[in-house]
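Encoded as structure tokens, the structure appears first; notes follow it.
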Amino acid sequence: MQTSDTEWMDKDLTKSLRVSVIGTGYLGTTHAAGMAELGHQVIGMDTDEDKVARLSAGQVPFYEPGLPELLQRGLASGRLSFTTDYAEVAAKADIHFVCVGTPQQFGNDAADLRYVDASMRSLAAELTTPCLVVGKSTVPAGTARRLASRLRQEAPAGDDVELAWNPEFLREGYAVQDTLQPDRLVFGVSTASSEQRLRDVYAKVISDNDCPVVVTDLATAELVKVAANSFLATKISFINAMAEICEITGADVTTLAEALGHDSRIGPRFLKAGLGFGGGCLPKDIRAFMARAEELGVVQAVAFLREVDAINLRRRARMIDLAVEELGGQVDGKRIGVWGASFKPDSDDIRDSPALDVASALQSRGADVGVYDPQAMDNARKKYPELGYCRSAVDAAEGADLILHLTEWEEFRMLEPQRLDGIIRSKHILDGRSALDPESWRAAGWTFRALGRP
Ligand code: UDX
């Protein structure tokens, strides 16, 4: 028998759980809207009143494809709301997901746990009834165990408050997809009842997508996230190390990566050579991992990450050297058009952005740099007010002596080189992401160079 839409909703709502999501950044906002989409009754919490007001009005304070629609659907369903009040969170939910940020400490490689500690403490003070607290933030090894005992000590409900760890692996630009159709779910739990509650929360995700669930202890669950990000960073730096070799031997790193990727043991993903990784996760997570390993006396186990980080930063230096070379050794007074500001395409996030790092280094050497990015202009302007900003990719090329392609937005790939005839001063382009087609640029009379390619 077929069920009507309303019957399905009613049936779904009977399984609806009372969920809170604490911290409404990239992760928390997506998680809250995703939980509401799954049919749960969700309250999102943040200490930032402005953010809460915007989210309550259906506005996502950052660029993430598909998320505004998901948020608005959640609000319209009546299943999603936001607050700044921990007491309301404790009263309205039995499962609390903690999604606050763990940035790099200032002047130090270790993770800054002040937001995790503060949110756990504020939440604990309000927990008077049995509940499950679920950490999602990326934390150093040993954090979950420490927090579990502190929660029990500080919460009025004492031993009736359990802690689980459920790391997230969402990528910016694909956050909605990664939340509703993840590759896998990891549940770090101490009891069978915590596992069952997490299975109930994610029942639809597990059944609709046949999503594998790895059930483990707290220590393993928190380590999965840092290990995954370390592996991804290592894969990128591996291919970028090969790019360094290619630059000396005249080999082509993109063809090398293609040939490696056909080996099913290696796989083609995360083998894109170029300016390397940036963003709010990979760089700070590998550094925090090294810092924690040192505290634990096992620094040798992750010593290779120091090299992974160094290779990554060397790509930025190499791009600057290439730009100087391309300008005939004279940067001062030259005009450089920079395409891309975000740390990767389909995001307005500029945290540790390789593109802006390169742009600002060239500007400080005396170049007149004009940046264009499809989404990250406002964020870039705030952090790098000294740079010039342009209305379009073509505008950035106006009178330029050199174009640097630093973030591989589709818009840049689609741009025909002929479009810049009569606009650019000197037809020189450096592709920092190996994403443009060298043949068509060369055919249009340009000097085209890319990292790791002949
Ligand atoms: C990453 C992880 O992928 C995700 O699982 C985790 O939850 C958060 O950190 P994200 O930071 O959104 O996600 O970006 P990702 O797509 O992983 O890219 C990271 C950086 O690596 C970007 O700067 C990207 O340009 C770069 N990159 C990626 C490469 O240089 N080459 C590649 O082949 C892939």
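Total residues in segment 423-444 satisfying the condition of being in a loop (DSSP other than H, G, I, E, B) and under 28 Å from GLY278 (Cα atoms): the figure is 6. Taken together, the residues in segment 279-317 that are in contact (Cβ under 8 Å) with a residue 60 or more places away in the chain, open to solvent by 70 Å² or more (accessible area, probe 1.4 Å) and either under 22 Å from the mean Cα position of the chain (by Cα) or under 23 Å from LYS235 (Cβ atoms) (or both) amount to 3.
Does GLY267 satisfy the condition of being surrounded by 16 or more Cβ atoms within 10 Å (Cβ to Cβ) and within 12 Å of the ligand (Cβ to nearest atom)? No: the conditions fail for GLY267. Within segment 351-369, the residues that satisfy the criterion of being crowded, with 24+ Cβ neighbours inside 10 Å and within 12 Å of the ligand (Cβ to nearest atom) are SER353, PRO354, ALA355, LEU356.
Per the listing LYS136, LYS92, the residue uniquely touching a His at 6+ places or on another chain (Cβ under 8 Å) and either among the basic types (Lys, Arg) or without any contact (Cβ under 8 Å) to a residue 24 or more places away in the chain (or both) is LYS136. Does GLU64 satisfy the criteria of being over 24 Å from ALA227 (Cβ atoms), of a type in the set (Asp, Glu) and buried (at least 22 other Cβ atoms within 10 Å of the Cβ)? Answer is yes for this residue. Of the residues PRO345, PRO385, PRO374, the single one that is open to solvent by 20 Å² or more (accessible area, probe 1.4 Å), closer than 25 Å to GLU172 by Cα and over 23 Å from the mean Cα position of the chain (by Cα) is PRO385. When GLN330 is tested against the conditions (1) touching a residue at least 24 places away in the same chain (Cβ under 8 Å); (2) out of contact with any helix residue (DSSP H, G or I) (no Cβ under 7 Å at 6 or more places or on another chain), the lone failure is (1).
Looking across segment 396-419, the residues that are under 23 Å from GLN330 (Cα atoms) and either outside the structural domain of GLY370 (by TED's automatic domain parsing) or open to solvent by less than 50 Å² (accessible area, probe 1.4 Å) (or both) come down to ALA396, ALA397, GLY399, ALA400, ASP401, LEU402, ILE403, LEU404, HIS405, LEU406. The helices (runs of 4 or more DSSP H) found entirely in segment 307-408 that carry 1 or more residues being under 30 Å from PHE231 (Cβ atoms) are 354-364, 377-383. Inspect segment 235-256 for any residue being modelled with pLDDT of 95 or more, of a type outside the set (Ser, Thr, Tyr), open to solvent by 60 Å² or more (accessible area, probe 1.4 Å) and not in a helix (DSSP H, G or I) and give the result as yes or no. No, segment 235-256 contains no residue that is modelled with pLDDT of 95 or more, of a type outside the set (Ser, Thr, Tyr), open to solvent by 60 Å² or more (accessible area, probe 1.4 Å) and not in a helix (DSSP H, G or I). Taken across segment 3-13, residues that are open to solvent by less than 20 Å² (accessible area, probe 1.4 Å) and either modelled with pLDDT of 95 or more or aliphatic (A, V, I, L, M) (or both) do not occur at all.
Against the criterion of being on the phi > 0 side of the Ramachandran plot, more than 16 Å from the ligand (Cβ to nearest atom), open to solvent by less than 60 Å² (accessible area, probe 1.4 Å) and at pLDDT 95 or above, GLY276 does not qualify. All conditions but one from (1) in a helix (DSSP H, G or I); (2) away from the ligand (no atom under 16 Å from the Cβ); (3) not hydroxyl-bearing (Ser, Thr, Tyr) apply to PHE187; the one that does not is (1).
Scanning segment 217-227 turns up no residue that is in contact with a Leu (Cβ under 6 Å, 6 or more places away or on another chain), within 14 Å of the ligand (Cβ to nearest atom) and in a helix (DSSP H, G or I).
The values are calculated or read from the model by the stated rules, or taken from the named source; none is laboratory data. Predicted model, so just to flag it, every value in this text is computed and none were measured. Cβ coordinates were reconstructed from backbone atoms using ideal geometry, including for glycine residues, and neighbour counts include every protein chain displayed. Quick note on the areas: whole protein, heavy atoms, side chains included, nothing else; ligands and nucleic acids left out. Shrake-Rupley method; radii C 1.70, N 1.55, O 1.52, S 1.80 Å.
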